[in-house]
Amino acid sequence: MAAAEDAIQTTTVTPRELLLVAGATARVLRDSSRLADIHIVADIIGRDRFTELLADARASGEPDVMRTRPEIDDREVDFDGLRRLPSDTLGGAYVRHLDRNRLTVYTDPTSDRFIDDPDVRYLIHRYRQTHDIWHVLVGLGTQGHEEVLLHAFIFGLLRLPNSAMIVALGGLKHLLLERRWDALRHTLRDAYRSGKAASPLLMVRWEDHWATSLEDVRKRYCITPITVH
C-alpha cells in the first residue's frame, strides 16, 4: 500500500500556476470557447486526479488503451464509414453529433508544460478525444447548459476538479442566470447520479463498439441518459 501511495503523490501547485489558473478562469468566464485557457486550468488542477485514475486502472494490469494508445482521428477512424452506420449505433450517433454541431475531432496532444508524465498526458488526451462520445452516451448536445450537465456526470464518475469548477461557475452562468430552474433543481442532480452509477469509462475502447446499438452500449456500461427538464 505504501508503494502505491508513493507512486501517486500529489504535486505542488506553484504560485505562478495559481495565477495562471486565475487568469485563464477569468478569460473563460468571459468567453467559454477559449479552449487553450480551459486546458491550462484542467492540466494544472486535474493532473493529480488523472495520475490517481491511471494508477487505479493499472492496479489489475496495464489497460489496453494505455498499451495500444489509439487515436480518434482521420488516420485511424473511417468517419465516412461511420456515416453509413444506422443512426442508433454508437458510431452512427457519434458522427451525426459531430456533423450536426459542426465539430471536428480533437487531435492536439496534451502539452508537457504542466505535466511531466507522458502516460498521464496521453490519458488526458484520450479523455479529451472521447469527450463528444460521452455527449452521445448521455444524450446531451453542446449548448452551455448541456456542457455543465455533462460535467456533473463526469464529476460523479471521475471526481475531476475541473469538472467541479465547471459545474459551479458554469452552473451559475448557464443554469442560474439563464433561469433554467428545473435543470438547476433536478437535472443537475440526475446527471451527477448517472455518472456515479456508471461503470468505469475512461479506459473503454469505444472504437470496438461503433456498430453496436447505442442502447446496448449504455446498458453495458450502466449509463442512464440525461433528460433535460
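Each value in this text was obtained by applying a stated rule to the coordinates, not by laboratory testing. All values reported here derive from a predicted model rather than from experimental measurement. Glycine also receives a Cβ, built like all others from the backbone with ideal geometry; neighbour counts cover every protein chain displayed.
Listing for the model above:
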quantity: Over the chain: helical MRE at 222 nm, DSSP H runs n ≥ 4 each giving -39500 (n - 2.57), nearest 500; calculated: -16000 deg cm²/dmol
quantity: Translational diffusion coefficient (Stokes-Einstein; Kirkwood radius from C-alpha pairs) of segment 1-70 at 25 °C, 0.890 mPa s, in µm²/s; calculated: 174 µm²/s
quantity: Long-range Cα-Cα pairs in the chain (distance over 25 Å), rounded percent; calculated: 42 percent
quantity: Segment 78-118 shape via C-alpha gyration tensor axes, a/c threshold 1.5; calculated: prolate
quantity: Relative contact order of the chain, pairs being alpha-carbon contacts under 8 Å that are 6 or more residues apart, as %; calculated: 21 percent
quantity: Sites Arg58 and His131, calculated FRET efficiency, Cβ-Cβ separation with R0 35 Å, nearest 0.05; calculated: 0.95
quantity: Linear extension gain, Arg30 paired with Glu76, 0.36 nm per residue minus alpha-carbon span; calculated: 13.0 nm
quantity: Assigned charges on the beta-carbon of Lys, Arg, Asp, Glu; segment 67-121 dipole about Cα centre (debye); calculated: 280 debye
quantity: With at most 13 other Cβ atoms within 10 Å, longest stretch of the chain clear of loop trypsin sites (Lys or Arg not before Pro) (DSSP); calculated: 1-74
quantity: Theoretical gain in end-to-end length, Tyr221 to Leu176 [0.36 nm per residue, Cα-Cα removed]; calculated: 13.1 nm
quantity: Whole-angstrom gap from segment 188-229 to segment 18-96, using each part's C-alpha centre; calculated: 16 Å
quantity: Calculated P(r) of segment 97-229 - Cα pairs past 21 Å, %; calculated: 44 percent
quantity: At R0 = 41 Å, FRET efficiency that the Cβ-Cβ distance of Lys196 and Arg102 yields, to 0.05; calculated: 0.80
